[in-house]
Amino acid sequence: MSHVFPRHTKANLPVAERGEGCYIIDRSGKKYFDGSGGAAVSCLGHSDPDVTRAIKDQVDRIAFAHTGFFTSEPAEELADLLVSKAPGNLDRVYFVSGGSEAVEAALKLARQYFLEKGEASRHRVIARRQSYHGNTLGALATGGNQWRREPFSPLMIETTHISPCYEYRGRREDETAFEYGQRVAGELETEILRLGPENVMAFVAEPVVGATAGAVPPVEGYFKRVREICDTYGVLLILDEVMCGMGRTGSLFAHEQDGISPDILCIAKGLGAGYQPIGAMLCTDGIYQAIEAGSGFFQHGHTYIGHPTACAAALTVFRKLSYGLVERVIPMGDKLDQALRDAFAQHPHVGDLRGRGLFRGIELVADRSTKTPFDPAAGINKKIKKAAFEAGLICYPMGGTIDGVKGDHVLLAPPFIIEDVHVSEIVGKLDTAIKSALQ
């Protein structure tokens with residue numbers, strides 16, 4: 001009998017015994033292609049010798065030193081490298097242990113920034129429906145994933161949510177993609193004015209929406225308009241790239257492709273590639289200087305922030321990403337996209353194929369002509385997940401794609417080291433799973 005508290009008490013999970021490149025092998029010897037990188041984490045695969053060597057070397061020197069007393073060489077080098085590659089004015093890096101922590105730190109920094117500036121009334125956060133920003137209470141309150149939020153809503157900070165930029169579901173027939181983007185971006189201005197600009201602290205968004213809606217990219221011009229609105233009213237733009245960043249969409253930072261830069265950026269997952277738990281919050285020099293010139297103390301912190309071993313692993317990961325590996329993401333993503341379209345573009349129950357780079361979503365529908373979703377009671381996404389796993393494919397199906405209740409999609413986020421043969425394996429096994437789930 002296991003004494004581990006699992007994610008689901010009814011699950012009987014196989015034991016992961018070892019990893020080899022794109023595959024995880026369980027105790028029985030069965031191989032699973034990691035087509036979702038866990039949760040868009042394992043961008044380098046599971047047995048990178050350079051990263052494991054970096055971890056061992058760091059442990060041999062010093063595994064841990066509390067940041068209340070010391071900094072460390074890996075943390076300093078990683079921060080320097082991140083800032084050198086980040087677009088815009090991002091200038092300072094605050095290391096954490098994961099994505100939820102990064103978002104929590106961003107929210108608290110945003111609040112303290114305005115306190116230091118003497119704008120104490122600014123505390124309201126605006127985000128988008130069908131978003132996900134983490135499972136800690138502040139991050140959960142910010143996210144727009146309704147089924148995750150509902151049980152804990154009495155404990156949450158007050159947040160309001162506007163429409164997502166979700167072209168497949170939201171664009172009207174009488175408007176272009178650009179016009180649609182401008183319309184839904186305009187909801188941000190409307191909400192800021194409703195709340196009172198003097199009360200609004202930040203707008204939080206994923207550049208490419210991840211697990212909640214399934215790799216939904218923005219339309220052209222959407223984030224440029226969002227940036228303009230934030231600048232007009234002095235609202236901080238916080239971008240959550242925990243899932244879509246670190247090369248996943250084809251550029252080191254996902255927002256690069258939209259021609260903007262945030263005030264605060266959250267990264268994790270691919271930063272450590274699963275080899276160590278790590279995330280980071282990056283902020284502009286202007287925000288940092290407000291703290292430095294004021295109290296000088298960011299009133300936040302966790303025991304393992306800036307962990308030397310985690311930073312050593314992430315430093316090696318980020319070097320591999322920034323010096324060549326990310327260049328594979330666009331061409332391999334194009335191949336995966338084409339293979340998915342060849343297999344599913346005419347499928348009667350596939351409504352939309354979307355994404356960027358090696359971040360791909362497939363939305364399933366009961367009726368493709370009307371975009372009518374399946375009855376949630378049918379549990380299509382759960383059936384696909386089970387059938388895919390049995391076929392030896394790890395993917396990331398989810399339900400509630402449209403509104404937190406209705407809708408089914410599959411998210412794919414394979415390692416950046418995939419080859420053409422792996423593209424065929426992903427699509428073939430996914431096809432088998434979808435046929436099994438829909439029969």
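Would you confirm whether or not segment 181-191 contains a residue that is open to solvent by 10 Å² or more (accessible area, probe 1.4 Å), closer than 23 Å to residue 114 by Cα, in contact (Cβ under 8 Å) with a residue 60 or more places away in the chain and over 19 Å from the mean Cα position of the chain (by Cα)? Step through it out loud before you land on a result.
First, the residues of segment 181-191 that are open to solvent by 10 Å² or more (accessible area, probe 1.4 Å): 182-183, 186-187, 189-191.
If we keep only those that are closer than 23 Å to residue 114 by Cα as well, we get 189-191.
Checking which are in contact (Cβ under 8 Å) with a residue 60 or more places away in the chain leaves us with 191.
Applying the additional criterion that residues be over 19 Å from the mean Cα position of the chain (by Cα) yields 191.
Yes - at least one qualifying residue is present in segment 181-191.
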Is it the case that some residue within segment 286-293 is modelled with pLDDT of 95 or more, of a type outside the set (Gly, Ala, Ser) and assigned to a strand (DSSP E or B)? no
Take the conditions touching a strand residue (DSSP E or B) at 6+ places or on another chain (Cβ under 7 Å) and not hydrophobic (A, V, I, L, M, F, W, C) and apply them to residue 279. Does it pass? yes
Subset of segment 31-45, residues under 30 Å from residue 251 (Cβ atoms) and not in a loop (DSSP other than H, G, I, E, B), comes to 32, 33, 34, 37, 38, 39, 40
Are any of the residues in segment 299-313 among the hydroxyl-bearing types (Ser, Thr, Tyr), in a helix (DSSP H, G or I) and closer than 20 Å to residue 41 by Cα? yes
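For segment 19-30, which positions are outside any loop (DSSP other than H, G, I, E, B) and surrounded by fewer than 12 Cβ atoms within 10 Å (Cβ to Cβ)?
If we filter segment 19-30 for residues that are outside any loop (DSSP other than H, G, I, E, B), which is where we start, we get 19-20, 23-26.
Result: 20, single match.
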What's the total number of residues in segment 75-105 that are in a helix (DSSP H, G or I) and either more than 24 Å from residue 164 (Cβ to Cβ) or touching a His at 6+ places or on another chain (Cβ under 9 Å) (or both)? 17
In segment 109-167, which residues are under 22 Å from residue 268 (Cβ atoms) and of a type in the set (S, T, N, Q)? 112, 130, 131, 135, 136, 142, 145, 159
Provide a single number: the residues in segment 385-439 that are buried (at least 18 other Cβ atoms within 10 Å of the Cβ) and of a type in the set (Ser, Thr, Tyr). 2
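Given 200, 242, 204, which one is over 16 Å from residue 126 (Cβ atoms), in contact with a strand residue (DSSP E or B) (Cβ under 6 Å, 6 or more places away or on another chain) and touching a residue at least 60 places away in the same chain (Cβ under 8 Å)? Show your work before the answer.
Numbers: 200 fails: over 16 Å from residue 126 (Cβ atoms); 204 fails: over 16 Å from residue 126 (Cβ atoms).
Checking each option against the conditions leaves just 242.
Any residue that is at pLDDT 95 or above, closer than 26 Å to residue 270 by Cα and open to solvent by less than 40 Å² (accessible area, probe 1.4 Å) - is there at least one of those in segment 364-372? Let's see the steps before the verdict.
First, the residues of segment 364-372 that are at pLDDT 95 or above: 364-372.
From the residues that got through so far, the ones that are closer than 26 Å to residue 270 by Cα too are none.
No, segment 364-372 has no match at all.
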Exactly one of (1) open to solvent by less than 10 Å² (accessible area, probe 1.4 Å); (2) touching a strand residue (DSSP E or B) at 6+ places or on another chain (Cβ under 9 Å) is unmet by residue 273. Its number? (2)
First in segment 398-420 and under 18 Å from residue 325 (Cβ atoms) and among the aromatic types (Phe, Trp, Tyr), second anywhere and at pLDDT 95 or above and not in a strand (DSSP E or B), Cβ under 6 Å, 6 or more apart: 416/43; 416/325; 416/328; 416/329
Matching residues in segment 220-235 - criterion: being open to solvent by 10 Å² or more (accessible area, probe 1.4 Å) and either in a strand (DSSP E or B) or at negative phi (or both): 220, 224, 225, 227, 228, 231, 232, 233
Please go through (1) closer than 11 Å to residue 128 by Cβ; (2) crowded, with 19+ Cβ neighbours inside 10 Å for residue 160 and return the number of the only condition it doesn't satisfy. (2)
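So for segment 46-55 (the condition being among the aliphatic types (A, V, I, L, M), more than 24 Å from the chain's Cα centre (by Cα) and either modelled with pLDDT of 95 or more or not in a loop (DSSP other than H, G, I, E, B) (or both)), does at least one residue qualify?
yes
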Kindly check whether there is at least one residue in segment 4-16 that is in a loop (DSSP other than H, G, I, E, B), open to solvent by 40 Å² or more (accessible area, probe 1.4 Å), touching a Ser or Thr at 6+ places or on another chain (Cβ under 8 Å) and not β-branched (Val, Ile, Thr). yes
Tell me the residue from 339, 343 that is among the small types (Gly, Ala, Ser), open to solvent by 20 Å² or more (accessible area, probe 1.4 Å), in contact with a Leu (Cβ under 9 Å, 6 or more places away or on another chain) and assigned to a helix (DSSP H, G or I), please. 343
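The values are calculated or read from the model by the stated rules, or taken from the named source; none is laboratory data. This is a predicted model, so every value here is computed, not measured. Don't worry about glycine lacking a Cβ; one is built from the backbone with ideal geometry, like all the others, and counts go over all protein chains shown. Ligands, DNA and RNA are stripped out before the accessible areas are found, and what is left, the full protein with its side chains, is counted by its heavy atoms. Shrake-Rupley method; radii C 1.70, N 1.55, O 1.52, S 1.80 Å.
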